[in-house]
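The values are calculated or read from the model by the stated rules, or taken from the named source; none is laboratory data. These figures come from a predicted structure and were not determined experimentally. FYI the Cβ positions are ideal-geometry reconstructions off the backbone, even for glycines, and counts take in every protein chain you see.
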Amino acid sequence: MDYDKLFEEMKKKYTLEEIAESMFFPGKKPTSEEHAEFVKLRMELWNSKTPEQRMKGQLLGLKYRMKGCMEGRKENMNTTANFLEQYLDITNKKQKELAHDLSIKPSTLSRILNEKERLTLALAYRLERHSGDLIPAIYWWKLAQKEIEQDIHNNPDAKLKEAKLVKNVVYRETA
């Protein structure tokens, strides 16, 4: 296939930004030697970074994995607890240390990590600040809300149980 010709045709219909966002143009597959050289250079770059630079890169990676999860690009949904566990690993914090940093009880953090309690809006704000504003509070909040949405879709028994507790229905559709 002549990719240059295809590209010229596409430029007539779309902007360069639209093309870049929607297309993948294959190049030649690298040889094993080229790949090995790439890996070597990548490792040299990684090893030349300071611990702070590494942490920033890992936090940004977490941010984009969270975004992908929120946008539904992941088949199996990662939970807020899973992302919080990754956050602990990246920041090299123990649960007790992170709880102290966030001014919450260690038991509260443990309950969130064990999916016994949900992340609060206040905690989302604190996590944003703790990450140096690299991971916005809205990301933590949207993940928590996505979990609630999943619960609503996947737990019809809970819906029925709660419906039984309603004493009066204010509106009923009549046939």
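Testing GLY132 on (1) over 21 Å from ARG54 (Cβ atoms); (2) modelled with pLDDT of 95 or more; (3) not polar (S, T, N, Q), one condition comes back false. Which one is that?
It fails just one condition, (1).
Considering only region 68-84, I want to know if a residue exists there that is among the aromatic types (Phe, Trp, Tyr) and either touching a strand residue (DSSP E or B) at 6+ places or on another chain (Cβ under 7 Å) or within 15 Å of HIS130 (Cβ to Cβ) (or both).
Scanning region 68-84 turns up at least one residue that is among the aromatic types (Phe, Trp, Tyr) and either touching a strand residue (DSSP E or B) at 6+ places or on another chain (Cβ under 7 Å) or within 15 Å of HIS130 (Cβ to Cβ) (or both).
When you check ILE135 against the structure, is it under 19 Å from GLU71 (Cβ atoms), without any contact (Cβ under 8 Å) to a residue 40 or more places away in the chain and either aliphatic (A, V, I, L, M) or assigned to a helix (DSSP H, G or I) (or both), yes or no?
no
Which one of the conditions (1) modelled with pLDDT of 95 or more; (2) surrounded by fewer than 17 Cβ atoms within 10 Å (Cβ to Cβ); (3) of a type in the set (Gly, Ala, Ser); (4) in a helix (DSSP H, G or I) does ALA124 fail to meet, given that it meets all the rest?
The one condition ALA124 does not meet is (2).
Rundown of residues vs (1) in contact with a His (Cβ under 9 Å, 6 or more places away or on another chain); (2) surrounded by 12 or more Cβ atoms within 10 Å (Cβ to Cβ); (3) closer than 27 Å to ILE138 by Cα; (4) not basic (Lys, Arg), yes/no style:
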| site | (1), (2), (3), (4) |
| --- | --- |
| LEU6 | no, yes, no, yes |
| TYR14 | no, yes, no, yes |
| LEU60 | no, yes, yes, yes |
| ARG65 | no, yes, yes, no |
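Could we say that ILE148 is of a type outside the set (Asp, Glu), under 16 Å from the mean Cα position of the chain (by Cα), surrounded by fewer than 18 Cβ atoms within 10 Å (Cβ to Cβ) and at pLDDT 95 or above here?
Here the answer is no, as ILE148 does not meet what is asked.
Do you know which residues across region 86-100 are loosely packed, with under 15 Cβ neighbours inside 10 Å and either part of a helix (DSSP H, G or I) or in contact (Cβ under 8 Å) with a residue 60 or more places away in the chain (or both)?
Matches in region 86-100: ASP89, LYS96, GLU97, HIS100.
Give me a count of the residues in region 22-43 that are at pLDDT below 85 and either among the β-branched types (Val, Ile, Thr) or more than 28 Å from ARG54 (Cα to Cα) (or both).
Going residue by residue through region 22-43, those that are at pLDDT below 85 are 22-30.
Narrowing further to those that are either among the β-branched types (Val, Ile, Thr) or more than 28 Å from ARG54 (Cα to Cα) (or both): 22-29.
Summing the residues that are at pLDDT below 85 and either among the β-branched types (Val, Ile, Thr) or more than 28 Å from ARG54 (Cα to Cα) (or both) in region 22-43 gives 8.
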